Amino acid sequence: MIGAVSGDIIGSVYEWNNIKTTEFLILSDDLFFTDDTVLTIATADCILNKKDFASTYRNYCMKYPGRGYGGSFIKWAESGSNLPYNSWGNGSAMRVSPVGFAFDDMELALKIAEKSAAVTHNHPEGIKGAKSVTAAVLLAKQGKSKEEIKAFIENEFKYDLSESIDSIRSWYSFDVSCQGSVPQAIRAFYESVSFEDAIRKAISIGGDSDTIACITGGIAEAFYKVIPENIKFAVFNIIDDEMKKIISDFYHQYLPDINI
């Protein structure tokens with residue numbers, strides 16, 4: 001989960017200032033957390049404390065206003081409605097990594113992922129995006145190879161993961177849909193050689209940089225098991241104490257072997 005938060009925070013300064021290279025300052029002075037971090041931690045809170053997804057997402061949105069939430073999500077949160085709005089946006093995928101970390105059974109994890117998505121993103125593509133990221137995190141956590149992860153995602157969810165990051169970078173532009181950002185985020189992980197390299201590759205394609213890096217970061221953490229200390233230090237200096245407590249409690253409960 002820290003990997004997802006790290007990706008969001010590192011990508012935050014590039015979302016509206018895309019950079020088409022892997023050579024950039026990874027920890028600038030103006031980093032901040034966005035809705036990706038807020039809702040990823042909200043998902044962890046739901047799992048950890050057995051909370052309702054809809055009300056928790058709404059409460060976190062109200063608690064952390066102005067963090068770049070989509071217009072439809074804000075309307076949903078402010079309305080108090082429990083009805084989803086059929087979104088296919090990548091919001092369902094960026095917030096879901098804690099599910100893959102918390103559960104070991106694929107069938108159960110995918111069921112929880114769908115539940116987390118469907119409170120807002122009940123469009124088939126919104127649900128598919130959340131489930132595919134969950135599956136990638138779970139398989140990476142279990143020590144599966146990149147080829148095994150890629151094959152599972154392609155077979156189960158019919159995403160095409162064959163295009164290289166260099167090729168994607170040449171044409172890619174802003175796309176907030178699951179179908180137009182989740183495969184690219186997974187491919188960035190697939191080509192990476194380390195956690196930091198995964199984040200660099202995710203951001204280098206441009207587009208919705210913080211969200212793409214958030215998705216990539218969750219999978220990369222699960223696979224590499226190690227996040228550079230300078231990145232963790234920067235992240236923990238940016239998020240607040242309540243967020244830190246949710247993260248700490250989540251790792252203690254579900255990932256006790258990982259030192260955060």
Worksheet item: Restricting attention to the stretch 134-180, and to residues there that are charged (D, E, K, R) and touching a residue at least 60 places away in the same chain (Cβ under 8 Å), which single residue is surrounded by the most Cβ atoms within 10 Å (Cβ to Cβ)?
Response: LYS141
Worksheet item: Exactly one of (1) part of a loop (DSSP other than H, G, I, E, B); (2) over 16 Å from the mean Cα position of the chain (by Cα) is unmet by GLY207. Its number?
Response: (2)
Response to the item:
Residues in the stretch 43-65 that are surrounded by 13 or more Cβ atoms within 10 Å (Cβ to Cβ) and part of a helix (DSSP H, G or I) total 15
Discussion item. Just the residues that are part of a helix (DSSP H, G or I) and closer than 18 Å to SER192 by Cα, please, taken from the stretch 157-169.
Written reply: ILE165, ASP166, SER167, ILE168, ARG169
Discussion item. Residue under question is VAL38, and the condition is that it be buried (at least 20 other Cβ atoms within 10 Å of the Cβ), of a type outside the set (Lys, Arg), touching a Phe, Trp or Tyr at 6+ places or on another chain (Cβ under 8 Å) and closer than 27 Å to ASP241 by Cα; does it hold?
Written reply: yes
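Scan VAL96, VAL133 and give me the residue that is in contact with a Ser or Thr (Cβ under 7 Å, 6 or more places away or on another chain) and under 17 Å from LEU48 (Cα atoms). I'd like the intermediate steps shown before the answer.
Values: VAL133 fails: under 17 Å from LEU48 (Cα atoms).
Among VAL96, VAL133, only VAL96 is in contact with a Ser or Thr (Cβ under 7 Å, 6 or more places away or on another chain) and under 17 Å from LEU48 (Cα atoms).
Quick one: which of ASN86, ASN49 is modelled with pLDDT of 95 or more, polar (S, T, N, Q) and more than 23 Å from GLY180 (Cα to Cα)? It would help to see each step written out before you state the result.
Details: ASN86 fails: more than 23 Å from GLY180 (Cα to Cα).
Just one listed residue meets the conditions, ASN49.
From ASP175, ASP208, ASP197, which residue is under 13 Å from ILE19 (Cα atoms) and of a type in the set (Asp, Glu)?
The conditions single out ASP208.
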Worksheet item: Pick from the stretch 208-231 the residues that are buried (at least 22 other Cβ atoms within 10 Å of the Cβ) and among the charged types (D, E, K, R): which of them is nearest to ILE186 (Cα to Cα)?
Response: GLU221
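Restrict the check to the stretch 214-235 and report whether at least one residue is hydroxyl-bearing (Ser, Thr, Tyr), within 15 Å of the chain's Cα centre (by Cα) and at pLDDT 95 or above.
The first filter runs over the stretch 214-235 and keeps only residues hydroxyl-bearing (Ser, Thr, Tyr), leaving 216, 224.
If we keep only those that are within 15 Å of the chain's Cα centre (by Cα) too, we end up with 216.
Next, from what is left, pick out any that are at pLDDT 95 or above: 216.
Yes, there is a match, as at least one residue in the stretch 214-235 is hydroxyl-bearing (Ser, Thr, Tyr), within 15 Å of the chain's Cα centre (by Cα) and at pLDDT 95 or above.
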Worksheet entry | Candidate set: the stretch 32-72, residues that are in contact with a helix residue (DSSP H, G or I) (Cβ under 6 Å, 6 or more places away or on another chain) and among the polar types (S, T, N, Q); chosen: the one nearest to LEU110 (Cα to Cα) | THR43
Item to complete: State yes or no: is GLU196 free of Cβ contacts under 8 Å to residues at least 40 places away in the same chain, more than 22 Å from ILE112 (Cβ to Cβ) and charged (D, E, K, R)?
Response: no
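The values are calculated or read from the model by the stated rules, or taken from the named source; none is laboratory data. All values reported here derive from a predicted model rather than from experimental measurement. Ideal geometry is used to build each Cβ from the backbone, glycine not excepted, and the neighbour counts take in all protein chains shown.
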